[in-house]
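Enquirer: What follows is a structure written as structure tokens; I'll ask about it next.
The values are calculated or read from the model by the stated rules, or taken from the named source; none is laboratory data. As the structure is a prediction and not an experimental result, all values here were calculated from the model. Cβ placement follows ideal geometry from the backbone for every residue including glycine, while neighbour counts extend to all protein chains displayed.
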Amino acid sequence: MQLAQLYLVNVRAENSMAIDIGIETKARKKIAGALGQVLGDTYGLYLKTHGYHWNVEGPMFNTLHLMFETQYNDLWLSMDLIAERIRSLGEYAPVGEQIGARSQLPPDKSVPDAETMITNLVAGNELLARSARTALKAAEEAGDQASADLMTQRVAVAEKTAWMLRAMAK
């Protein structure tokens, strides 16, 4: 290694700062992994909801089109918060195909009718609530109030969205 490269390696090592936020490394990694799952599930639900927004048809078109838009915008914004929390814990957020690959939400084989869209989004939001609850539990066990707060919010939004969609299906 040349002298200049060796110097840069040493400077970087001296400037790298260990994370000391009151959460042990093992717990931070566990929480970040659970948050990565929530991020993947959120991404999968975002894609499904946005696709439904574009393709919904029928007598409830306007209502569903606007509702889906509100929902996918919330999902999109929440992904940034989740990814930034993962980074705050000292881990890298998933990138590229890694994000979608983590989604547990089954993809559609074709464009469903409006009723099936509603049913699928209820199931997707319930899956997201369960995923966020898992991350919430990991955060609570480690005393990570920031991650717990974020996941509490995401559980509440997913449950409310599922309830509203279920009410439309009656």
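Enquirer: Using beta carbons and a limit of 6 Å, which pairs, at least six apart or on different chains, have the first residue in segment 135-157 and within 13 Å of Gln37 (Cα to Cα) and the second one modelled with pLDDT of 95 or more and of a type outside the set (A, V, I, L, M)?
Expert: Pairs that qualify, where the first residue is within 13 Å of Gln37 (Cα to Cα) and the partner is modelled with pLDDT of 95 or more and of a type outside the set (A, V, I, L, M), are Ala138/Lys30.
Enquirer: Looking at Gln98, Gln71, Gln104, Gln145, can you tell me which residue is among the polar types (S, T, N, Q) and under 25 Å from Asp20 (Cα atoms)?
Expert: On the way: Gln98 fails: under 25 Å from Asp20 (Cα atoms); Gln71 fails: under 25 Å from Asp20 (Cα atoms); Gln104 fails: under 25 Å from Asp20 (Cα atoms).
Selected residue: Gln145, the only one of Gln98, Gln71, Gln104, Gln145 that is among the polar types (S, T, N, Q) and under 25 Å from Asp20 (Cα atoms).
Enquirer: Could you please find all residues in segment 123-135 being hydrophobic (A, V, I, L, M, F, W, C) and surrounded by 19 or more Cβ atoms within 10 Å (Cβ to Cβ)? Can you show your working first?
Expert: So the first thing to find is which residues in segment 123-135 are hydrophobic (A, V, I, L, M, F, W, C), and the list is 123, 127-129, 132, 135.
Leu127, Leu128, Ala129, Ala132, Ala135 - these are the residues of segment 123-135 that are hydrophobic (A, V, I, L, M, F, W, C) and surrounded by 19 or more Cβ atoms within 10 Å (Cβ to Cβ).
Enquirer: Restricting attention to segment 158-170, which residues are in contact (Cβ under 8 Å) with a residue 12 or more places away in the chain and either of a type in the set (A, V, I, L, M) or out of contact with any helix residue (DSSP H, G or I) (no Cβ under 8 Å at 6 or more places or on another chain) (or both)?
Expert: Scanning segment 158-170 gives Ala158, Ala162, Met164, Leu165, Met168, Ala169.
Enquirer: Please name all residue pairs, on different chains or six or more residues apart, with Cβ atoms under 8 Å, provided the first residue is in segment 67-93 and is without any contact (Cβ under 8 Å) to a residue 12 or more places away in the chain and the second residue is assigned to a helix (DSSP H, G or I).
Expert: Tyr92/Ile86
Enquirer: So, one more: If you go through segment 43-60 one residue at a time, do you hit one that is over 21 Å from Pro107 (Cα atoms) and of a type outside the set (A, V, I, L, M, F, W, C)?
Expert: Yes: one or more hits.
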